[in-house]
Amino acid sequence: MSQSLDPDADAHAALRLIGPDPANWVPDRVGLDHNVAIIGGGQTGCALAFALRRAGVGKVTILEAAPDEQRAGLWLNAARMNLLRTPKTLPGPELGIPALSFQAWYEARHGQAAYAAIDRIPRTDWADYLSWYKAFLGISPRYRTRVERIEPTGDRLTLHLDTPAGRATETAQKVILATGFAGSGGNFIPNVLVDNLPRERFAHTEDTIDFPALRGKVVGVIGAAASAFDAAGVALEHGAAQVHLFARRDAIAAVPITRTRGFPGAYDNYYLLPDGDRWHQAFRFFDYGSTPTTDAIERAVRFDNFHLHLSAPWSNAAMQDGQVVTTIGGTHYRLDFVIAGTGYSADLASRPELRDFAGQILLWRDVYTPPPAEQDERLGCHPYLGGGHELKPRTPQASPLLKDIHVQNPAGFVSFGLPIGDVPSMKRDIPVIVSRISADLFLGTLAELRERMTGSMPPDFSDALYRAAVRRP
Ligand SMILES: Cc1cc2nc3c(=O)[nH]c(=O)nc-3n(C[C@H](O)[C@H](O)[C@H](O)COP(=O)(O)OP(=O)(O)OC[C@H]3O[C@@H](n4cnc5c(N)ncnc54)[C@H](O)[C@@H]3O)c2cc1C
C-alpha cells in the first residue's frame with residue numbers, strides 16, 4: 001500500500017469490495033428499543049458494533065459513560081505507556097478487512113518505511129487510529145450515558161441509564177459488557193491504604209492522577225507490573241523528587257508464561273480445554289506474575305532518584321506530620337503520595353449494574369474444585385462463561401435472561417484465557433459473540449422469520465424468456 005492523496009482511498013475501496021451492509025433482518029418487537037445494547041464505547045464496543053452491522057443485526061446502540069471520545073476507553077486515560085504492550089502485527093478491530101487495519105491506516109499517512117521502522121505501536125497513534133475507525137465507519141457511542149442497572153423484565157432487559165437528560169430506561173434483547181478492566185470488577189486497592197490513609201493521599205493507576213502536582217514530591221508506587229512502572233516513569237518525568245516502587249516478590253516477574261500457549265491452536269480452542277486445564281493455566285499466570293515490558297522498566301530505572309524495593313510488601317501505613325509513613329522490613333519510609341499499581345479484581349458478579357442477578361451467576365467456584373495446591377479465591381470469583389461469552393445460571397431458579405448478557409471484558413479470563421478485550425482477542429471473540437447473538441435473535445424471532453422465509457416471492461422471469469426454445473416431442 002502506498003501513500004495517496006486521499007489516505008482513506010484503500011479503506012473506501014475495501015468497503016466497496018465487501019458490498020453494502022446487509023439490511024437489518026431482526027424483526028421489530030413491540031416496545032423493544034434495541035436488539036443489542038453494547039455497554040462500553042472503547043475499542044471492543046466499537047468493533048462489536050461494526051461486526052453486528054455486517055451480520056445484519058440492526059438496532060444496536062453503544063452506551064458509554066465517559067463524557068467524550070477522549071475520556072472513553074483506556075488509551076488516553078489510564079494507559080501511560082509510550083508504546084502498546086502488544087506486538088504491532090496482531091490483527092485487531094479491522095476484523096479481517098486489511099484496509100481498515102492499523103498498519104493500513106498508518107502506512108497511508110506515514111508510508112511503509114515509517115511503519116517498518118516502529119517497533120511497537122505508539123499509544124497515541126493507536127488512539128488516533130481508533131478515532132479514525134469510528135468516524136470512518138460511522139460508529140457513534142452515546143457518551144455521558146452510564147448504565148447503572150440491568151434489570152430483567154419479562155422477556156427483555158431494561159437498562160437504567162444516567163444520561164445528560166437525566167435518568168431514563170431503555171430495553172434491549174441482548175446486552176454485551178464491553179466495559180474493560182474497571183468494569184469487570186473494580187480497581188483493586190490494598191486495604192492497608194484504604195483503611196489508614198485519607199483518600200487524597202493515594203490513587204489507583206486507573207484514576208486520573210495529577211502528575212504535575214507530584215513535582216518535587218516523594219512518591220511511593222505499590223506493585224511491579226507494567227502499570228506500576230508506567231506510573232513511576234511518568235511521575236519521574238514530571239519531576240518527582242524520588243519515586244520508591246515496592247514489589248512483593250524478590251524479583252520482578254520476567255517470565256511471560258502465557259506465551260507457551262500463544263499459538264493459534266491453543267488460543268483459538270482455549271474454551272474447549274477441560275476445566276482443570278483452564279484453571280491450571282490461570283493459576284500459573286497468577287503464580288508467575290504479570291510481566292512489565294522492558295521499556296517500562298527502562299523508563300523508570302534511567303532516573304537516579306528511582307528506588308526499587310524488592311520483597312517489600314506493605315502491611316502498615318499511617319499519616320505522620322503531613323506525610324504517609326510505612327515501615328517495611330524495619331526501614332521507615334516517608335512519602336507524600338502513594339500510587340497503587342495493584343491491578344483489578346474480576347468480581348463481575350459484584351458489579352452494581354448486575355445487582356438484580358446477585359447470587360444467580362454461575363462462577364468458577366461453583367463448578368470446579370481445584371487441587372489443594374491451586375486454591376485461589378480470586379480465580380473462583382470469575383464467571384463461568386458459556387461458549388458465546390454468555391453468563392450462565394447458578395440455579396434453575398436464576399433468571400433465564402442471564403444468557404442474554406455477554407461478557408467481553410477481563411472477567412472472561414479463566415473461561416477464555418488471556419487476553420479478553422485486548423487487541424488480539426478481537427479476532428477470536430468478536431465473531432463468536434456476534435454469531436451467538438445472531439443465532440439467539442434468529443431462533444427467538446423464528447415465528448416471524450418463518451413467515452418471512454415461507455412467504456411468497458415474485459418470479460425473477462416469466463416463461464416468455466425461454467418459450468421460443470422449447471421443443472415438444
Ligand atoms: C494500563 C493498561 C495497559 C494496557 N495495554 C494494552 C496493550 O498494549 N495492548 C492490548 O491489547 N491491551 C492492553 N490493555 C488491555 C486493554 O484494557 C485493552 O486492550 C483495551 O482497553 C480494551 O478495550 P475495551 O474497549 O475492551 O475496554 P476499555 O478501553 O477499558 O473501555 C471500556 C469502556 O466502558 C465504559 N464503561 C464501563 N462501565 C460502563 C457503564 N456501566 N456504562 C457505560 N459505560 C461504561 C468505560 O467508560 C470505558 O470507556 C491494557 C490495559 C491496561 C489497564
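The values are calculated or read from the model by the stated rules, or taken from the named source; none is laboratory data. Keep in mind it's a predicted model, so treat the numbers as computed, not measured. Heads up, the Cβs are rebuilt from the backbone with ideal geometry, glycines too, and the neighbour counts pull from every protein chain shown. Ligands, DNA and RNA are stripped out before the accessible areas are found, and what is left, the full protein with its side chains, is counted by its heavy atoms. Shrake-Rupley method; radii C 1.70, N 1.55, O 1.52, S 1.80 Å.
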Please determine whether any residue of the stretch 104-121 is β-branched (Val, Ile, Thr), away from the ligand (no atom under 15 Å from the Cβ) and either surrounded by fewer than 21 Cβ atoms within 10 Å (Cβ to Cβ) or within 25 Å of Asp10 (Cβ to Cβ) (or both). no
Please go through (1) under 20 Å from the mean Cα position of the chain (by Cα); (2) in a loop (DSSP other than H, G, I, E, B) for Ala349 and return the number of the only condition it doesn't satisfy. (2)
Residue in the stretch 134-168 that is surrounded by the most Cβ atoms within 10 Å (Cβ to Cβ), counting only those that are among the polar types (S, T, N, Q) and not in a strand (DSSP E or B): Thr145
For Thr171, all conditions in the list (1) in contact (Cβ under 8 Å) with a residue 60 or more places away in the chain; (2) not in a strand (DSSP E or B) hold save one; what is the number of the exception? (2)
Inter-residue pairs, beta-carbon under 7 Å, first under 22 Å from Val414 (Cβ atoms) and in the stretch 178-205, second away from the ligand (no atom under 14 Å from the Cβ), 6+ apart: Gly185/Asp347
Residue among Gly387, Gly359 that is of a type outside the set (Val, Ile, Thr) and either farther than 27 Å from Arg146 by Cβ or not in a loop (DSSP other than H, G, I, E, B) (or both): Gly387
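If you take the residues in the stretch 82-95 that are under 15 Å from the mean Cα position of the chain (by Cα) and open to solvent by less than 50 Å² (accessible area, probe 1.4 Å), which one is farthest from the ligand (Cβ to nearest atom)?
Filtering the stretch 82-95 for residues that are under 15 Å from the mean Cα position of the chain (by Cα) and open to solvent by less than 50 Å² (accessible area, probe 1.4 Å), the one farthest from the ligand (Cβ to nearest atom) comes out as Pro93.
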Over the stretch 57-94, the set of residues under 29 Å from Asp33 (Cβ atoms), of a type in the set (Gly, Ala, Ser) and touching a residue at least 40 places away in the same chain (Cβ under 8 Å) is Ala65, Ala66, Ala72, Gly73
Identify, please: which residue in the stretch 447-457 is part of a helix (DSSP H, G or I) and either loosely packed, with under 14 Cβ neighbours inside 10 Å or of a type in the set (Val, Ile, Thr) (or both) and is, among those, nearest to the ligand (Cβ to nearest atom)? Glu448
Looking only at the stretch 396-440, which residues are out of contact with any strand residue (DSSP E or B) (no Cβ under 6 Å at 6 or more places or on another chain), within 16 Å of the ligand (Cβ to nearest atom), closer than 28 Å to Thr369 by Cα and among the β-branched types (Val, Ile, Thr)? Ile420, Val432
Residue in the stretch 59-81 that is open to solvent by 20 Å² or more (accessible area, probe 1.4 Å) and more than 16 Å from the ligand (Cβ to nearest atom) present: yes
Over 19 Å from Gly223 (Cα atoms), surrounded by 13 or more Cβ atoms within 10 Å (Cβ to Cβ) and β-branched (Val, Ile, Thr), is that true of Val325? no
Of all residues in the stretch 430-473, which are at pLDDT below 95 and closer than 19 Å to Gly388 by Cβ? none
Name the pairs: first residue in the stretch 376-396 and under 16 Å from Gly186 (Cα atoms), second residue among the acidic types (Asp, Glu) and open to solvent by 30 Å² or more (accessible area, probe 1.4 Å), Cβ to Cβ under 6 Å, at least 6 apart or on different chains? Cys381/Asp347
So for the stretch 38-56 (the condition being open to solvent by less than 10 Å² (accessible area, probe 1.4 Å) and either of a type in the set (Asp, Glu) or part of a strand (DSSP E or B) (or both)), does at least one residue qualify? yes
For Pro27, all conditions in the list (1) outside any loop (DSSP other than H, G, I, E, B); (2) surrounded by 15 or more Cβ atoms within 10 Å (Cβ to Cβ); (3) more than 23 Å from the chain's Cα centre (by Cα) hold save one; what is the number of the exception? (1)
Within the stretch 410-446, track down each residue that is over 16 Å from Tyr270 (Cα atoms), in contact with a Gly (Cβ under 7 Å, 6 or more places away or on another chain) and surrounded by 20 or more Cβ atoms within 10 Å (Cβ to Cβ). Val423
Looking only at the stretch 122-168, and only at residues there that are more than 18 Å from Thr61 (Cβ to Cβ), among the small types (Gly, Ala, Ser) and in contact (Cβ under 8 Å) with a residue 40 or more places away in the chain, the one that is farthest from the ligand (Cβ to nearest atom): Ser131
Has the stretch 376-387 got at least one residue that is of a type in the set (Lys, Arg) and within 18 Å of Ile38 (Cα to Cα)? no
Inspect all residues belonging to the stretch 220-233 and state whether any of them is touching a Leu at 6+ places or on another chain (Cβ under 8 Å), free of Cβ contacts under 8 Å to residues at least 60 places away in the same chain and either within 16 Å of the ligand (Cβ to nearest atom) or not acidic (Asp, Glu) (or both). no
Apart from one, (1) closer than 25 Å to Asn35 by Cβ; (2) away from the ligand (no atom under 16 Å from the Cβ) all hold for Pro370; the odd one out is (1)
Considering only the stretch 169-204, how many residues are within 30 Å of Val434 (Cα to Cα), buried (at least 20 other Cβ atoms within 10 Å of the Cβ) and more than 12 Å from the ligand (Cβ to nearest atom)? 3
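Suppose the filter is open to solvent by 70 Å² or more (accessible area, probe 1.4 Å) and under 21 Å from the mean Cα position of the chain (by Cα); does Asn269 pass it?
The answer is yes for Asn269.
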